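Asks: My questions will all concern the structure given below.
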Amino acid sequence: MSETPVLVVLTTSGAVLARRIQARFPGCEIHGLASRVENCDHRFDRTTDHIAGLFQAGRPIIGICAAGILIRAVAGLLADKQTEPPVLALSPDGTSVVPLLGGHKGANRLAQELAAVTGGMAAVTTAGDVLHGVSLDDPPLGWKIAGPDAAKSVMADLLAGKTLSLYGDGGSWLAPLKLASAEAAAARIQVTTRSVDPLPERCLVLHPPRLVIGVGCERNCTPEELSDLVRRALACQGLAVASVVAVVSVDLKSDEPAVHAAAESLGVPARFFDPVRLELETPRLLNPSDVVFREVGCHGVAEGAALAAAGASGMLVVPKMKSARATCAIAEAPADLDPLDFGTARGHLAVIGVGPGSAGWRTAEATALLRDAEEVVGYGFYLDLVADLIAGKPRHQTDLGAEEERARRAIELAATGRRVALVCSGDAGIYALATLVWELLDQGTEAAWRRIAVTVAPGVSALQAAAARAGAPIGHDFCAISLSDLLTPRQTILQRLQAAVDGDFVTALYNPRSQRRTELIERAIDLYRAGRPATTPVVIARSLGRPDEAVRIVELQHLDPADIDMMTILLIGASRTTTLTHDGKLCAYTPRGYLS
């Protein structure tokens, strides 16, 4: 399946089951009926319309509901079973899993996986699976069908009781089939890592995942040059792109765009080995190089990486080929390969702003990155805000003041090839850890740190959330100032406060007060009272997006420091900021001048 499944939930009990499933299948999203389900990734109002929209978008659907609801939602949309996504009905108690559509497009396999989680039964009804325990048009992960339409006629022969012959090694997958000799068979299955063109009649050609492509290149080699070399290497032996499972290289090239472009062009991952591991392959190299050893630390990159990935029984089928700035070699394994079983991926660090705390204020990018992460790092309270998305993942927690320890730990984990999420509240780049990550990378001397990929995912900041709750107080020029003097000298903070007062900026005050630090908020209030009208609106917002959220608007003259703590953000209005009562609620806004 090209898309991750969506768990459609209509009840609170269904949501509990959905979260169990999501913990085992982190890519799943939970979509809940808004009137009944609170804790989910997406909420909807009209069940039938929402299911129909997911189906039209090609998303596999697991409905924790009655099968009839799903059937009625998609019945009018059925047209081509080759392109339609799987649809499964799962009973709210988890005892029954019924693949309604897409049995040969992953639904049967998904039903069996779900049943293993829930302890229920997968009600598989497709003939091939029931009669023979195998569905030729739904091969195992990594296997590809050459000319999928050919599977129809061969499966029809199989169901009609006709005999099949097998060319090549089908492994355990095809073992349940009753096979005949080539002379007696009505049709045949051919398993091969070679391209077959044209496709024979009455023949199903299957490409198993057994080829790995090793590459090396000079720094900043163009993606076009390396990708062209890879294609030529495949073509010279008539090898099938569909049998390639990975592009592999030495870890010094894990940040090389050309390597990743070559892997992406083939639709496979890029994996990497350290030079010590590649040097172990030297006795098997056909083209060892002392020059490469002096530069990299192993006698061959392309051949060595390909052989390391293919395993001890693997063999080079394309020795090292060269272009002006790149090398390529291809190895074949005697059995199926899983790219997760060899090498490491390029490490990825996602510095994620999860917003103030509410799932509704969390961006889709942040949600996706949290689900994709293998390890999560953060302050415990922040990790608890996204507990449903990181369930089952290793958590690396530090105390509130240990920001450098958190950032350093996240970088170190990513440098080992892991996908790491560093969780921040609000926005990752506003008084959070994104800047510390970049500072550590800038000052660090570890080569592995420089090779990781870094994504900074923005989040709804506290100042945005407070402004939205209050009306529109930051609709004109505004600034943000932190009153924490742990990293910024007190005199600098006072200078910035005075500049904000003089500039008539709406001001967001972060970290306004703690049990130890009480003086700065009092000084700040004095400065604003000296430079703003006494009636200037001030938004006091506490625990935004959380169950104990509280937002009030008071006049500057009535602002009491005792009402403020570290869970609070203040928005002090400009001279033109005003208030109105709307729908029984006091709101604040700052005119920009459209109506003046």
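The values are calculated or read from the model by the stated rules, or taken from the named source; none is laboratory data. On a predicted model such as this, the values are computed, not experimentally measured, just so you know. Methodologically, a virtual Cβ is constructed for each residue, glycine included, from the backbone with ideal geometry; neighbour enumeration extends over all protein chains shown. Side chains are part of the model used for accessible areas, which takes the heavy atoms of the whole protein and leaves out ligands, DNA and RNA. Shrake-Rupley method; radii C 1.70, N 1.55, O 1.52, S 1.80 Å.
Asks: Residues of the range 504-521 being open to solvent by 40 Å² or more (accessible area, probe 1.4 Å) and at pLDDT 95 or above, which ones?
Replies: The answer is D504, F505.
Asks: Among (1) hydroxyl-bearing (S, T, Y); (2) without any contact (Cβ under 8 Å) to a residue 12 or more places away in the chain; (3) open to solvent by 70 Å² or more (accessible area, probe 1.4 Å), there is one condition S313 misses while meeting the rest; what is its number?
Replies: Unmet for S313, out of (1) hydroxyl-bearing (S, T, Y); (2) without any contact (Cβ under 8 Å) to a residue 12 or more places away in the chain; (3) open to solvent by 70 Å² or more (accessible area, probe 1.4 Å): (2).
Asks: Can you pull out every residue in the range 61-111 that is among the charged types (D, E, K, R) and either closer than 20 Å to V37 by Cβ or at pLDDT 90 or above (or both)?
Replies: Within the range 61-111, R72, D93 qualify.
Asks: Has the range 129-144 got any residue that is open to solvent by 40 Å² or more (accessible area, probe 1.4 Å), at pLDDT 75 or above, under 26 Å from D341 (Cβ atoms) and part of a strand (DSSP E or B)?
Replies: Yes: one or more hits.
Asks: Separate question: Spot the failing condition for Y382; the list is (1) open to solvent by 40 Å² or more (accessible area, probe 1.4 Å); (2) at positive phi, and only one is missed.
Replies: All conditions are met except number (2).
Asks: Could you figure out which of (1) surrounded by 17 or more Cβ atoms within 10 Å (Cβ to Cβ); (2) touching a helix residue (DSSP H, G or I) at 6+ places or on another chain (Cβ under 8 Å) isn't true of Q22?
Replies: The number of the failed condition is (2).
Asks: Could you list, ordered by first residue, the pairs with Cβ atoms under 7 Å in which the first is in the range 352-369 and closer than 17 Å to T455 by Cβ and the second is crowded, with 23+ Cβ neighbours inside 10 Å and at pLDDT below 85, at least 6 apart or interchain?
Replies: Note: pairs meeting the criteria are T367/L389.
Asks: Would a scan of the range 468-478 turn up a residue that is of a type in the set (D, E) and within 30 Å of E256 (Cβ to Cβ)?
Replies: Scanning the range 468-478 turns up no residue that is of a type in the set (D, E) and within 30 Å of E256 (Cβ to Cβ).
Asks: Something else: Checking the structure you have, find out if any residue of the range 431-441 is open to solvent by 30 Å² or more (accessible area, probe 1.4 Å), within 30 Å of P537 (Cα to Cα) and either modelled with pLDDT under 95 or of a type in the set (D, E, K, R) (or both).
Replies: Yes - at least one qualifying residue is present in the range 431-441.
Asks: Oh, and also: Which number in (1) surrounded by fewer than 20 Cβ atoms within 10 Å (Cβ to Cβ); (2) over 23 Å from the mean Cα position of the chain (by Cα) marks the one condition that G267 misses?
Replies: With respect to (1) surrounded by fewer than 20 Cβ atoms within 10 Å (Cβ to Cβ); (2) over 23 Å from the mean Cα position of the chain (by Cα), G267 is out only on (2).
Asks: On the given criteria, is T492 among the β-branched types (V, I, T) and either in a helix (DSSP H, G or I) or open to solvent by 40 Å² or more (accessible area, probe 1.4 Å) (or both)?
Replies: yes
Asks: Tell me which residues, restricted to the range 151-202, are part of a loop (DSSP other than H, G, I, E, B), among the hydroxyl-bearing types (S, T, Y) and within 24 Å of A333 (Cα to Cα).
Replies: Answer for the range 151-202, where residues must be part of a loop (DSSP other than H, G, I, E, B), among the hydroxyl-bearing types (S, T, Y) and within 24 Å of A333 (Cα to Cα): S172, T192, T193, S195.
Asks: If you check A79, A67, A15, A75, which single one turns out to be within 21 Å of G120 (Cβ to Cβ), small (G, A, S) and more than 24 Å from the chain's Cα centre (by Cα)? Don't jump to the end; show me each part of the working.
Replies: Details: A79 fails: within 21 Å of G120 (Cβ to Cβ); A15 fails: more than 24 Å from the chain's Cα centre (by Cα); A75 fails: within 21 Å of G120 (Cβ to Cβ).
Every option except A67 fails the conditions.
Asks: Please find, within the range 536-556, the residue that is farthest from A588 (Cα to Cα) out of those that are loosely packed, with under 15 Cβ neighbours inside 10 Å and basic (K, R).
Replies: R546
Asks: List the helices (runs of 4 or more DSSP H) inside the range 277-384, counting only whole elements, that have at least 3 residues being within 14 Å of L211 (Cα to Cα) and touching a strand residue (DSSP E or B) at 6+ places or on another chain (Cβ under 7 Å).
Replies: Numbers: elements: 290-296, 302-310, 364-372.
In the range 277-384, 302-310 are the helices (runs of 4 or more DSSP H) which contain 3 or more residues that are within 14 Å of L211 (Cα to Cα) and touching a strand residue (DSSP E or B) at 6+ places or on another chain (Cβ under 7 Å).
Asks: When you scan the range 284-295, do you find a residue that is under 20 Å from P257 (Cα atoms) and in contact (Cβ under 8 Å) with a residue 24 or more places away in the chain, even just one?
Replies: Checking the range 284-295: not a single residue is under 20 Å from P257 (Cα atoms) and in contact (Cβ under 8 Å) with a residue 24 or more places away in the chain.
Asks: Cβ-Cβ under 7 Å, sequence separation 6+ or interchain: first residue in the range 252-270 and farther than 17 Å from D341 by Cα, partner of a type in the set (K, R) and in a helix (DSSP H, G or I). Which pairs?
Replies: Qualifying pairs under 7 Å: V259/K253.
Asks: A further question on this structure: Got at least one residue in the range 558-576 being more than 21 Å from A500 (Cβ to Cβ) and either at pLDDT 95 or above or in a strand (DSSP E or B) (or both)?
Replies: Scanning the range 558-576 turns up no residue that is more than 21 Å from A500 (Cβ to Cβ) and either at pLDDT 95 or above or in a strand (DSSP E or B) (or both).
Asks: Restricting to the range 29-65, name every residue that is more than 15 Å from V87 (Cα to Cα), among the hydrophobic types (A, V, I, L, M, F, W, C) and surrounded by fewer than 16 Cβ atoms within 10 Å (Cβ to Cβ).
Replies: Passing the criteria: only A34.
Asks: Select, from L226, L278, L252, the only residue that is of a type in the set (A, V, I, L, M, F, W, C), crowded, with 24+ Cβ neighbours inside 10 Å and under 28 Å from the mean Cα position of the chain (by Cα).
Replies: Only one candidate qualifies: L226.
Asks: Enumerate the pairs (first residue in the range 534-553 and under 15 Å from D565 (Cβ atoms) and of a type in the set (K, R); second residue anywhere and outside any loop (DSSP other than H, G, I, E, B) and open to solvent by less than 30 Å² (accessible area, probe 1.4 Å)) with beta-carbon separation below 6 Å, excluding pairs fewer than 6 apart on the same chain, so at least 6 apart or on different chains.
Replies: Qualifying pairs under 6 Å: R542/T568; R552/I540.
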